[in-house]
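Presented below is the structure to which this report refers.
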Amino acid sequence: QVQLVESGGGLVQPGGSLLLSCAPSRSFRIFNTMGWYRQAPGKERELVASITIGGNTNYADSMKGRCTISRDNGKNMVYLQMNGLKPEDTAVYYCTARLSAMDYWGKGTLVTVSS
């Protein structure tokens, strides 16, 4: 069983930054892909960013240039650094990991962008 625990959400003003963290219960090296999704009220869950086992990254068009997904080998953590946040970025952000044909999800962390 795999558990993913997110942290780092909160209230931030427009234009601000947040660093989200994801701690997997197993080494992230076993996962084909890890990533971040988000779901805003009344909207479908959507991809924000992903990173493959080889280090290839992929970003949603809406977040390109404003966020960076990264990994810390020593701490076994995956991060999502978000800058220039906008009110429309308000959502619950989920860490996800794919292992073979299985997708695992964290419980999410709420990001609210508001003045």
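Among the residues of the range 16-28, are any touching a Pro at 6+ places or on another chain (Cβ under 7 Å), touching a residue at least 40 places away in the same chain (Cβ under 8 Å) and not aliphatic (A, V, I, L, M)?
At the first step, the residues of the range 16-28 found to be touching a Pro at 6+ places or on another chain (Cβ under 7 Å) are none.
Checked against the condition, which is being touching a Pro at 6+ places or on another chain (Cβ under 7 Å), touching a residue at least 40 places away in the same chain (Cβ under 8 Å) and not aliphatic (A, V, I, L, M), the range 16-28 yields no hits at all.
Go through the range 1-27 and give me each residue that's over 11 Å from residue 111 (Cα atoms) and within 14 Å of the chain's Cα centre (by Cα).
Hits for the range 1-27 are 4, 5, 6, 21, 22, 23, 24.
Regarding residue 115, is this residue in contact (Cβ under 8 Å) with a residue 12 or more places away in the chain, in a loop (DSSP other than H, G, I, E, B) and more than 17 Å from residue 41 (Cβ to Cβ)?
Yes; evaluated as a whole, the condition is true for this residue.
Hey, can you tell me all the residues within the range 43-78 that are surrounded by fewer than 11 Cβ atoms within 10 Å (Cβ to Cβ) and under 16 Å from residue 108 (Cα atoms)?
Listed by number, the residues that qualify are 43, 44.
For the range 1-42, how many residues meet the condition of being loosely packed, with under 14 Cβ neighbours inside 10 Å and touching a helix residue (DSSP H, G or I) at 6+ places or on another chain (Cβ under 7 Å)?
Number satisfying all stated conditions: 1.
If you scan the range 36-71, which residues turn out to be touching a Lys or Arg at 6+ places or on another chain (Cβ under 8 Å) and either modelled with pLDDT of 95 or more or closer than 20 Å to residue 92 by Cβ (or both)?
Residues satisfying the conditions are 37, 38, 39, 45, 46, 48, 51.
Please enumerate the residues belonging to the range 80-96 that are open to solvent by less than 40 Å² (accessible area, probe 1.4 Å) and either hydroxyl-bearing (Ser, Thr, Tyr) or farther than 15 Å from residue 7 by Cβ (or both).
Scanning the range 80-96 gives 84, 85, 89, 90, 91, 93, 94, 96.
Residue pairs, Cβ under 9 Å, 6 or more apart or interchain, first in the range 96-110 and farther than 13 Å from residue 36 by Cβ and modelled with pLDDT of 95 or more, second of a type in the set (D, E, K, R) and open to solvent by less than 90 Å² (accessible area, probe 1.4 Å). List them.
Filtered contacts from the range 96-110: 107/6.
The values are calculated or read from the model by the stated rules, or taken from the named source; none is laboratory data. Since the structure is predicted, the reported quantities are computational estimates derived from the model, not experimental observations. When we count neighbours, we look across all protein chains shown, and the Cβ atoms used for this are built from the backbone with ideal geometry, even at glycine. Each accessible area value is taken on the protein alone, full model and side chains, heavy atoms only, with ligands, DNA and RNA left out. Shrake-Rupley method; radii C 1.70, N 1.55, O 1.52, S 1.80 Å.
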